[in-house]
Amino acid sequence: MSKRKFTYNEAVEKLNSLQSNAALLEQLRKAGPRASEKSLPEMKEHFRRIGYEPKDFDKLNLIHVTGTKGKGSTSALTQSILHHYDSNIKTGLFTSPHLVAVRERIRINGEPISEELFSRYFQDVWERLEATKEEAIRALNLSEQDTQALLRNKREHPDKPVYFRFLTLVALHAFIQEKVDCAILEVGIGGEYDSTNIIEKPIVCGITALGLDHVSILGNTIDQIAWHKAGIIKPGVPVISFKQVPEAMEVVKKRAQEKNAPLTIVHAKDICKLDDIKLGLAGIHQKYNALTAIEICKIWLKKIRGIQFDNNEQVPKEFRQGLAMVKWPGRCQELPIKETKYGSNNNNNVTWYLDGAHTIESLQVCAAWFKDIAEHNSKALRILVFNCTHGRDSSKLLRVISEIQPQVHFDHVVFTTNVTFKEGYTADNTNRTDSREEITSVQQVLAKSWLEQVPEFYKDCVHVVETIEDTVQFAINRSNNLPNDKEQVQILTTGSLIMVGNMLTVLGIQPQ
């Protein structure tokens, strides 16, 4: 008799039960990176329970990518280059977070795996862990104090890893089952103790830019951040690193030397190599990511296919299609929308500009991108939609956008929570990591901060709403009641990648 299969929604609901709540996350943030020192031995044990040893993943010809900025984009660019270089190269890509559906995090040949495959591989992992549950709980040897701590933090399944780590199990299991030729893993947080760092013999490692603005957020110095990021470097494995600030670069060089790992440094000045190259992602920062991805692909193809590229050629011509065809939604994304379930735009006149920037440096790139767009249209009504969570310095982040107000002239500013619909979240976007009080109060602070930063702005044009659904309804209403001197609506949505993903959900955009 065949066993009952999980539905996709059942799989997602079980996954959501593994989310850490807001209180636990706050404890982990205060504890810092070393709070995760036990994560790798724990992950190895979880993999053993589902039937794998780290060496089993060597056959995936792995590429491992870390950084504080651009690691997801670089991973996507790497995947696109390799698959378009030769469509017979079957690629797997594991990234985070997702935008619309959790299955976006696990991609085959650049496309999110189907609901059926996600459910199948999720169920495999879940049931294998269930089969060893009693053994695992006994091995925890919990004291009464530890048991009470688990109860306080509402860990429903103490024998199972938390959300991201569980998805790491599912992703690598899926890539083995799907027999991918190359698996590209984006590090979740940090590097040294990240759950993806259980792999032992990647083909090449990549380190993207290490942003200075992450130093204050994480409470560590730049060399401490660099030390953790460079923790993915493996003995004798080539590493590609974007050129960092001097103190970070020294750490990367030192860790590479310690591991006898050949180090290639990508320089910003080399951006001229892309002058005549079409890139599928907007923004100058994506060109830096593309330079890093190009070098990663060269090494992978040399080691796996024995292909030696001409060093005199700026960008291999075989890479150009992949650079042009790459898809990475929610990053400097322009999205014309005519129909929504909240009504039609009478004149097909609404364009959403979506960018999940959430640091000072990434918001500066976003601001420059949108300012350039605004300069080419003087008859647009402009709306800023902004969101900030997770204890970031919200006023400093907002200032990056408020500083372009003299050139852009936002007519309305909307501060929204990242709650998707009035009735709450979808299963794919259920979020237990923020308290409702936090995400609401932060938006109130932002509204006050905007009026302090732009004192001439009309107070009645600053709006705080409880859900993204409210935001979309507001924008649709404005588009259908434009002043005579306006012809279209341009909506910049930024400050949070979670909010951008939930915005795509409300707009009815399917996983890409």
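Work out how much length I284 to H157 would gain on full extension: take 0.36 nm times their residue separation and subtract the Cα-Cα distance, in nm to one decimal.
On the way: separation 127, 0.36 × 127 = 45.72 nm, distance 4.38 nm.
Additional length available on full extension: 41.3 nm.
Rounded to the nearest Hz, the phi-derived 3J(HN,Hα) couplings of the range 46-58 under the Karplus curve 6.51 cos²θ - 1.76 cosθ + 1.60 (θ = phi - 60°) are 4, 5, 4, 5, 9, x, 10, 10, x, 5, 5, 8, 4, where x marks glycine and proline. Volume of the convex hull of the range 163-284 (Cα atoms only), normalised per residue: 147 Å³. Amide H contacts of I307: K302, each under 5 Å away and 5 or more positions distant or on a separate chain (H built 1.01 Å from N in the peptide plane; Pro and chain starts excluded). Scanning residues 5 or more positions from H358 or on other chains, those with amide H under 5 Å from its amide H are L363, with H placed 1.01 Å from N in the peptide plane.
With n ≥ 4 as the cut-off for DSSP H runs, can you work out [θ] at 222 nm for the chain, using -39500 (n - 2.57) per run divided by the number of residues, rounded to the nearest 500?
-13000 deg cm²/dmol
Entry comment: accessible area of the chain is 44 Å² per residue, from protein heavy atoms only and a probe of 1.4 Å.
Shape verdict for the range 375-493, please, from the Cα gyration tensor: rounded (a/c under 1.5), prolate (a/b greater than b/c) or oblate. Oblate shape, in that a/c is at least 1.5 and b/c is the bigger or equal ratio.
Dipole magnitude for the chain: about 980 debye, using +1 per Lys or Arg Cβ and -1 per Asp or Glu Cβ, origin at the Cα centre. Split the accessible area of the chain by element, probe 1.4 Å, and carbon with sulfur accounts for 48%.
Take every DSSP beta bridge whose two residues both sit in the chain, then give the antiparallel share in percent to the nearest 5. Please report the intermediate quantities before stating the final value.
Numbers: 13 of 52 bridges.
Taking every DSSP beta bridge with both residues in the chain, the antiparallel ones total about 25 percent.
Only aspartates and glutamates eight or more places from K243 in sequence, or on another chain, were considered; those with a Cα closer than 12 Å are D270. Sequentially through the range 290-298, phi angles give Karplus couplings (6.51, -1.76, 1.60; θ = phi - 60°) of 5, 4, 5, 4, 4, 5, 4, 5, 4 Hz, Gly and Pro residues having no value and appearing as x.
Loop-located trypsin sites (Lys or Arg not before Pro) in the range 349-403 (DSSP state other than H, G, I, E, B) with a sparse environment of at most 12 neighbouring Cβ atoms within 10 Å: K379. Listed values for the range 91-97 are Karplus-derived 3J(HN,Hα) couplings in whole Hz (6.51 cos²θ - 1.76 cosθ + 1.60, θ = phi - 60°), namely 9, x, 9, 10, 9, 7, x, and x replaces Gly and Pro.
How would the range 267-371 be classified by its alpha-carbon gyration tensor: rounded, prolate or oblate, with rounded meaning a/c under 1.5 and the a/b versus b/c comparison settling the rest? Intermediate values should be presented prior to the final figure.
Numbers: a/c = 2.87, a/b = 2.08, b/c = 1.38.
Here the range 267-371 falls in the prolate category.
With 30 Å as the limit on Cα-Cα distance, the pairs of K44/K229; K14/K44; K59/K273; K327/K486; K69/K133; K253/K396 that go past it are K59/K273; K327/K486; K69/K133; K253/K396.
Within the set (i) 21.3, 70; (ii) 23.6, 80; (iii) 23.0, 71, the number that Rg and Dmax of the Cα atoms in Å takes when calculated for this structure is listed as (iii).
Just to verify a number: FRET efficiency for K303 and E403, C-beta to C-beta distance, R0 = 45 Å, to 0.05? Don't skip to the end; give the middle numbers.
Working: r = 46 Å, r/R0 = 1.02.
Plugging the Cβ-Cβ distance into 1/(1 + (r/R0)^6) gives 0.50.
Modelled label positions at N312 and Q177, each set 7 Å beyond Cα in the direction of Cβ, lie 5.0 nm from each other.
Grab the beta carbon distance between R138 and I189, set R0 = 25 Å, and tell me the FRET efficiency rounded to 0.05. Walk me through the numbers before you get to the answer.
Numbers: r = 30 Å, r/R0 = 1.18.
Efficiency for this residue pair is about 0.25.
The magnitude of the dipole of the range 353-512, with charges of +1 and -1 set on the Cβ of Lys/Arg and Asp/Glu and taken from the Cα centre, is near 40 debye.
Specify whether the C-alpha gyration tensor of the range 291-340 places it in the rounded, prolate or oblate class, a ≥ b ≥ c being the square roots of the eigenvalues: rounded for a/c under 1.5, otherwise prolate if a/b is larger than b/c and oblate if not. Mind showing how you got there, number by number?
Values: a/c = 3.60, a/b = 2.93, b/c = 1.23.
Prolate, because a/c is 1.5 or more and a/b exceeds b/c.
Along the chain, counting only GluC sites (Glu not before Pro) with a DSSP assignment other than H, G, I, E or B and at most 16 other Cβ atoms inside a 10 Å radius, the longest segment between sites is 38-155. Proximity of backbone amide H atoms, modeled 1.01 Å from N, is registered between V350 and I337, V489 at under 5 Å, excluding neighbours fewer than 5 places apart on the same chain. Estimated from the Cβ-Cβ distance and a Förster radius of 35 angstrom, the FRET efficiency linking N484 and S395 is about 0.45.
The values are calculated or read from the model by the stated rules, or taken from the named source; none is laboratory data. Everything numeric here is computed off the predicted structure, so don't read it as measured data. Using ideal geometry, Cβ is built from the backbone for each residue, glycine included, and neighbour counts are taken over all protein chains shown. The protein model used for the area step is the full one, side chains on, heavy atoms only, and it has no ligands, DNA or RNA in it. Shrake-Rupley method; radii C 1.70, N 1.55, O 1.52, S 1.80 Å.
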